[in-house]
Amino acid sequence: EKGGYDYFMLKEIAEQPKAVADTLLGRIDASGSLTLDEVRIPGQALREVDKVVIVACGTAFHAGMIAKYAIEHWTRIPCEVELASEFRYRDPILDPQTLVIAISQSGETMDTLMALRHAREQGSRVLAICNTNGSTIPRESDAVLYTHAGPEVAVASTKAFLTQLVACYLVALYLGQVRGTKWGDEIHAVVRDLAKISEQVERVLETMEPVRELARSLAAKDTVLFLGRHVGYPVALEGALKLKELAYMHAEGFAAGELKHGPIALIEDDLPVVVVVPSARGRSVLHDKIVSNIQEIRARGARTIVIAEEGDETVVPYADHLIRIPATPTLLQPLVATVPLQVFACELATARGNEVDQPRNLAKSVTVE
Ligand code: M6R
């Protein structure tokens, strides 16, 4: 049932192009408009939403962090994202105009379930983004947008994450469409770019051998750091989480702008630091800032592992290892930038002799608080 792969995780990484395509299927019409009729929240209620709150755990939380950038940019609705386990213990401000989005692969995560119950008690509407038909979280929500990743068996979430991102982008674009937004043209362009992602993920997967080789060469290291800015920051956190849970290494993700506020003190000779470089088009300030960050850490001895889009030559002089990803709009970049980090963590875990599909101390779905 592993389809010829050694681990479910490898199979699930390879299934990502299909998972992404399946999650888009039937949700965009020929004119490039979104047809999310399955989200049975009336248009009027969506127009009245004045705040979005996203709750989730682990990898799903990282998808939520990325969703915040998309929702605020395309809809101008303020959006908060919070770890489900923290949410209800701080008396959050919720009312019927708040749309709560609960993201969960399994649909059974107790922390997320308790957060959504709390939100509904306060009168908020809850939309679940979930991969498991008929599970508890969608059953207890007002509406659900299913991700179509298919069953995910490996404890480390991969294809579910990519499809959670797709679902979040669809919700953000749909909110923009229903409410009318000044980004109308951009939304159509993004829909076209989303349709290309499946093929771009496929291309990333075809070029992963150097990443595997690099991972094997780092098997004896104790620490790997990950840096990103904007949507690359949650990608850095996700890369670090994958490495912790699979390779049992000390791995930390930072917002690159925070380096000088503390973490740069960690940099020492030959410390591997993975840097996610934002798309070169459109956001040049962000891009230039991260190039300076790469220079800063390299000057202090870091071994830089740079993930940058094809054609971005500015990073070449400062990259000890360069991992290329296809060019995408900035907001969509996590869909391609995360893939090498999954492969990296999986290969490091294998090189360290760890059990890839069943990491120690972890369960696929965490049904206790
Ligand atoms: O089933 P869920 O999406 O609610 O699970 C949330 C987390 O437990 C999950 O993403 C966990 O962090 C993964 N093991 C990460 O790879």
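The values are calculated or read from the model by the stated rules, or taken from the named source; none is laboratory data. In this text, all values refer to a predicted model and were calculated from it rather than measured experimentally. Note that we place each Cβ from the backbone using ideal geometry, even for glycine, and neighbour counts take in every protein chain shown. Only protein heavy atoms, including side chains, enter the accessible area calculation; ligands, DNA and RNA are left aside. Shrake-Rupley method; radii C 1.70, N 1.55, O 1.52, S 1.80 Å.
Ranking Ser292, Ser217, Ser104, Ser198 by solvent-accessible area of protein heavy atoms (1.4 Å probe, all protein chains present), from largest to smallest, gives Ser217, Ser292, Ser198, Ser104. Excluding same-chain neighbours fewer than eight residues apart, the lysines reachable from Lys289 by a Cα-Cα span under 16 Å are Lys260. Geometric descriptor of the range 93-179, per residue, is 94 Å³ (volume of the convex hull of the Cα atoms). For Arg120 and Ala363, what is the calculated FRET efficiency with R₀ set at 25 Å and r taken between the beta-carbons, to the nearest 0.05? Efficiency, from the Cβ-Cβ distance: 0.45. The Cβ shell under 12 Å around Lys11 holds other residues with a net charge of -3, Lys and Arg each +1, Asp and Glu each -1. Summarised in one figure, the compactness ratio Rg/Rh of the range 298-369, Cα atoms and Kirkwood Rh, is 1.10. Directionally averaged projected area (the range 135-182, Cα convex hull): 4.3 nm². Between Glu140 and Ile93, the distance separating the two model label sites (each 7 Å from Cα on the Cα→Cβ line) works out to 2.6 nm.
As a rough guide to protection, the peptides 151-159, 248-256 ranked by mean Cβ packing within 10 Å, highest first, stand as 151-159, 248-256. Take the Kirkwood radius over Cα pairs of the range 194-283, plug it into Stokes-Einstein at 4 °C and 1.567 mPa s, and you get 89 µm²/s for translational diffusion. Using equal-weight Cα scatterers in the Debye expression, the normalised intensity of the range 215-257 in log10 at q = 0.19, 0.22 Å⁻¹ is -0.52, -0.65. Cβ-Cβ distance of Glu72 and Glu209, R₀ of 41 Å, FRET efficiency by 1/(1 + (r/R0)^6): the value works out to about 0.60.
The alpha carbons of the range 76-118 stretch over 29, 22, 17 Å along the principal axes, in descending order. Work out the P(r) tail for the range 220-369: percent of alpha carbon pairs separated by more than 21 Å, whole number. Distances greater than 21 Å cover 42 percent of the Cα pairs. Surface listing: His62, His73 arranged by accessible area from highest to lowest gives His73, His62, probe 1.4 Å.
Rounded to the nearest 10 square angstrom, Lys289 shows an accessible area of 100 square angstrom against a 1.4 Å probe. Could you tell me the distance between the Cα centroids of the range 157-226 and the range 230-259, to the nearest Å? A separation of 16 Å, based on Cα centres. Pop out the Kirkwood hydrodynamic radius of the range 128-269 from its pairwise C-alpha distances, inverse of mean 1/r, in Å to one decimal. Over the range 128-269, the inverse of the mean reciprocal pair distance is 18.2 Å. Calculated mean residue ellipticity, 222 nm, the chain: -14000 deg cm²/dmol, from DSSP H runs (n ≥ 4) at -39500 (n - 2.57) each, averaged per residue and rounded to 500. Rounded to a whole number of µm²/s, how large is the Stokes-Einstein D of the chain at 37 °C and 0.692 mPa s, given Rh as the Kirkwood radius over C-alpha pairs? Using the Kirkwood radius from Cα pairs, D works out to 159 µm²/s.
Take every Cα pair under 8 Å whose residues are at least 6 apart in sequence, average their separation, divide by the length of the range 238-330, and the relative contact order is 25 percent.
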